[in-house]
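To keep things clear, I will list the structure first and then write my remarks on it.
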Amino acid sequence: MADEVSIQQQVIGPGVCPPQGCPPPTRIECIMVDKVYDSCFQVESRSRDTTVTTGVGGEFATGTFTVGQAIPCALTTGSSISCSVINKVTTTGNFATLTLVVSVPITLTNPNAPTQTANRVFTFTKVVTLCAPDGVAVDCSESTLLFCNCVVSAVGVGTITVTCDFQVCVVIKTVLTVQLLVPSYGFCVPAPCAVAPGVCPPAPPAQCF
């Protein structure tokens, strides 16, 4: 019996099950994982104004600025979109209506000097109803910045006002670390590394229609 289990574990590996189906598991394991109790997503379009200092000693120290001038913007390197719960109202069962503050870290770049940047965190509130029993954490780290457009909307003495229109795909999950029973074939054994040959000549990208 031990030899049979050993042979089965050697044959079974990650990938698609054969046409006849996967064999029955050989064990039931207890593993610690982040269980997603509920999740949802929605695209949010927002607009925010911010003030950037200019001139000597300012955030944008180089160049002059005019109303309507484009200001490059992007998600701040090394940061992610996050959220925090500011209010929770339990509804039926383990569901709750959550009021969230979503924080979007944005880096503005001086169009006259790409090394000069100004970091901002734009926030907005969002209300969702999810399965959220006591103890779960709310996670928005998989949210993505779809686009960001910023322009100079006013020019003052030593400052400019920048108006940013941005769109975020907000992904909200309620998560809790639990011990979960799962069927198992044993431990995964790494396969030898393989290097795929390069494509020569490189293929052109697919057409749009």
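The values are calculated or read from the model by the stated rules, or taken from the named source; none is laboratory data. All values derive from a computational prediction rather than experimental measurement. FYI the Cβ positions are ideal-geometry reconstructions off the backbone, even for glycines, and counts take in every protein chain you see. We work out accessible area using only protein heavy atoms, side chains counted, and drop any ligands, DNA or RNA first. Shrake-Rupley method; radii C 1.70, N 1.55, O 1.52, S 1.80 Å.
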Under 4.7 Å Cβ to Cβ, no partner at all: give me those cysteines from the chain, in residue order.
-> C30, C40, C131, C169, C188, C193, C200, C208
Give the distance, in whole Å, between the Cα centre of segment 23-80 and the Cα centre of segment 149-203.
-> 10 Å
Between V162, V136, V16, find the one with the highest GNM mean-square fluctuation for the chain; connect C-alpha pairs within less than 10 Å.
-> V16
Could you point to the label whose value was computed as Cα extents along the principal axes in Å for the structure here, given [x] 74, 29, 22; [y] 57, 45, 29; [z] 84, 60, 40?
-> [z]
Stretch V33-T163 to full length: gain in nm at 0.36 nm per residue minus the Cα-Cα span?
-> 42.6 nm
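Can you give me the relative contact order of the chain as a percent, contacts being Cα pairs under 8 Å and 6 or more apart? Display every interim value, and only then the final one.
Working: 402 pairs, mean separation 63.9, N = 209.
Value for the chain: 31 percent.
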Given a 1.4 Å probe, the accessible area of the chain per residue, as a whole number of Å², is 64 Å²
Sequence of D134, D49 when ordered by accessible area, the most exposed leading, probe 1.4 angstrom = D134, D49
Choice from S184, S153, S47 with maximal GNM fluctuation in the chain (Cα, 10 Å cutoff) = S184
Return the calculated 222 nm mean residue ellipticity for the chain, to the nearest 500 deg cm²/dmol, obtained by summing -39500 (n - 2.57) across DSSP H runs with n ≥ 4 and dividing by the residue count.
-> -1500 deg cm²/dmol
Just G198, G68, G58 to compare: in a GNM of the chain, with alpha carbon springs under 10 Å, which one fluctuates most?
-> G198
The FRET efficiency for Q179 and D49, from their Cβ-Cβ distance with R0 = 30 Å and rounded to 0.05, is 0.05
